Amino acid sequence: MDEKRTVKVSKYLSRHLRHQPERIGLTLDAQGWVRIDDLLEATARQGFALTRSELDLVVAANDKQRFTLDGDRIRANQGHTVPVDLGLPPAEPPAYLYHGTVAQALESIRAEGLHPMDRHHVHLSPDRETATRVGARRGRPVVLSVHAGAMHRAGHTFHVSANGVWLTDAVPPEFLRMRD
């Protein structure tokens, strides 16, 4: 499968496994899982034919490891806007985590901190490089350092998804350091 098709499939899966499963007739279970056969049947009904081998390749090759396969099921690792409980246990974060954004968002972030917006959690990266790539999706990236260790000691809960993305409910501004 060429790179263009891989990206197209990944975006299609993200849209329907994280945001709009009902749009193609899918129902995610409480933890966000759906049967692979149901997904493949739904994509075919919608005119977006996808084979199991293409699905396996996209899951394996996705640089952000957005999806997890478990036997005959698949789910997105994080980033849902539909109600799901990923069942991730609390985890002690490293001293610092990072968040990629753009300069236009800094004024609001300085005043209010980081909030999940339409998603369930704020997404944090384990390293500056990943955060830079995340921020670059919307323009010239700015990387924020999050004093996650101090947040954790202050009672904030963290989770880590299957692909290494750290999740928390919000990041108050006092735990942020702005860098670009």
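Overview of values
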item: Checking Ser108 against (1) polar (S, T, N, Q); (2) in contact (Cβ under 8 Å) with a residue 12 or more places away in the chain; (3) part of a helix (DSSP H, G or I), the condition it does not meet; result: (2)
item: Selection from the range 13-56 of residues that are of a type in the set (Val, Ile, Thr) and surrounded by fewer than 14 Cβ atoms within 10 Å (Cβ to Cβ); result: Thr27, Thr51
item: Single match in Ala162, Ala154, Ala170, Ala148 (criterion: surrounded by fewer than 18 Cβ atoms within 10 Å (Cβ to Cβ), aliphatic (A, V, I, L, M), touching a residue at least 40 places away in the same chain (Cβ under 8 Å) and farther than 19 Å from Leu106 by Cβ); result: Ala162
item: Single unsatisfied condition, Pro83 versus (1) in a loop (DSSP other than H, G, I, E, B); (2) touching a strand residue (DSSP E or B) at 6+ places or on another chain (Cβ under 8 Å); (3) closer than 26 Å to His115 by Cβ; result: (2)
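Each value in this text was obtained by applying a stated rule to the coordinates, not by laboratory testing. Fair warning: this is a prediction, and the values are worked out from it, not measured in the lab. FYI the Cβ positions are ideal-geometry reconstructions off the backbone, even for glycines, and counts take in every protein chain you see.
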